[in-house]
Amino acid sequence: MRAMALVDGLLMASKFRGCMLGVLVGDCLGFPYEDDVKPSYVVLQNFFDTLESSTVKAPRLIYTDDTAMTHCIAESLIKKKEVDARDLAKRFVKEYLNQPPDRGYGIHVREVFHKLRASKFEDPLRPAREQFGGSGSWGNGGAMRIAPIALFYRGQGTQLLGDMARKVTEVTHTHRNGINGAILQCLAIEQCLWLDPKEGVKGGTFLEELIAKMELFEGEENDNGLLGRGEEAKPFSSRLHYIRGLLQREGKAIDEKEDVLMKLGAGIAALASVPTAIFCFLRAHTTTIPNIETSNPLRRTIQYAISLGGDTDTIGSMAGALSGATLGYSDEYFSKKMLKRCDGVDEALSLADELLAKSPRTTA
Ligand code: AR6
Ligand code: MG
């Protein structure tokens, strides 16, 4: 409680901004490397150095569906002051139809948008439920956009956070892994909001707390007999246990990356990306990483996430959200030169401020 009181003042405003910018920057910087087969250390080091230099001409970076949908959720919460599935569905579809630029939406989520529009949003949850023969999507599209829920409902209890994360996710993703991935990312971001940036992150403690919370949601499924035959019982919690082991390993070697890719993954499935993003954040905030030359933990987090290859924009964005929610917003972490290259910075900042002003903990 003492830690909460200390953080919940001016620092919280900075953390809201840091989190929303973390989503944006991870997304913008990761996008050029999406599906690249593990970009080399040298290429990435140069890319980040160039973005932070004012003398070298660098490309303008656009954000993708991760940021676009995150902003839709923030706008909806600000307007409605609660989770409103129909309002959200309308905003997602309107934003999707706003393309170009091509924001790289998942192939199947586009189908949901078209059905929502054709049905005039009559039942905003039906199209998602019908996906993949009724099993729903297990993509990371729910997790990638969850930050505003963690910010808005901070300090309102684990159950409420999880329930709200589920509600916004179900508009497009109804598979248990799609939903639980969003719940996990939401719980992890909220936890970051209460960390004192000066104290740094303690990986073991952070994970213990997160595992205890996540087991509440994954345990419920076992108790209620919701698991299909052959389905892993608590897949997210078990990956968090694995991460704890990785962080404790002696002589953190370069070949750790192979284990990360094999055991955690770096793909579009929520299960193969949310634990990975959490690992990137914890690794980068607790040690230096070979071949990543920077003293900035936010840059280290995003650079490491992108170095894994695969779904680089989304894993970069999710890891960036965690790092930004921990550190807050300052030039030291988000250099002005780098922000100037990214689209959507002003929007992210003003949404962060409005979310804080309208959130129940602030208005209570
Ligand atoms: N059965 C088989 N394949 C599935 C299933 C399932 N139940 N669920 C998902 N897939 P989608 P997203 C596969 O379209 O989660 C973008 O780059 C299927 O191949 O719901 O919103 C975003 O930025 C499907 O097309 O999208 C994210 O990084 C794919 O997973 C990423 O894509 C994605 O599911 C996922 O976005
Ligand atoms: Mg993406």
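The values are calculated or read from the model by the stated rules, or taken from the named source; none is laboratory data. The structure displayed is predicted, hence computed values, not measured ones. Don't worry about glycine lacking a Cβ; one is built from the backbone with ideal geometry, like all the others, and counts go over all protein chains shown. Ligands, DNA and RNA are stripped out before the accessible areas are found, and what is left, the full protein with its side chains, is counted by its heavy atoms. Shrake-Rupley method; radii C 1.70, N 1.55, O 1.52, S 1.80 Å.
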Whether any residue in region 337-348 is open to solvent by less than 30 Å² (accessible area, probe 1.4 Å) and small (G, A, S) is what I want to check. yes
Condition met for E52 (at pLDDT below 95, open to solvent by 50 Å² or more (accessible area, probe 1.4 Å) and within 13 Å of ligand 1 (Cβ to nearest atom)): no
Looking only at region 141-167, how many residues end up being under 15 Å from D84 (Cα atoms), in contact (Cβ under 8 Å) with a residue 24 or more places away in the chain and within 15 Å of ligand 1 (Cβ to nearest atom)? 1
In region 334-352, what residues are of a type outside the set (G, A, S), closer than 24 Å to R103 by Cβ and either free of Cβ contacts under 8 Å to residues at least 12 places away in the same chain or part of a helix (DSSP H, G or I) (or both)? M338, L339, K340, R341, V345, D346, E347, L349, L351
Just wondering, is there one or more residues in region 52-73 that are away from ligand 2 (no atom under 16 Å from the Cβ) and under 14 Å from I302 (Cβ atoms)? yes
Failed condition for T172, given (1) surrounded by 24 or more Cβ atoms within 10 Å (Cβ to Cβ); (2) in contact (Cβ under 8 Å) with a residue 40 or more places away in the chain; (3) away from ligand 2 (no atom under 16 Å from the Cβ), with all others met? (3)
Which condition from (1) away from ligand 1 (no atom under 16 Å from the Cβ); (2) among the hydrophobic types (A, V, I, L, M, F, W, C); (3) modelled with pLDDT of 95 or more; (4) more than 22 Å from S330 (Cβ to Cβ) is the one that I73 breaks? (1)
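Rundown of residues vs (1) modelled with pLDDT under 95; (2) more than 22 Å from L298 (Cα to Cα), yes/no style:
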site	(1), (2)
G200	yes, no
L210	no, no
E220	yes, yes
D223	yes, yes
R229	yes, yes
K234	yes, yes
R239	no, yes
I243	no, no
K252	yes, no
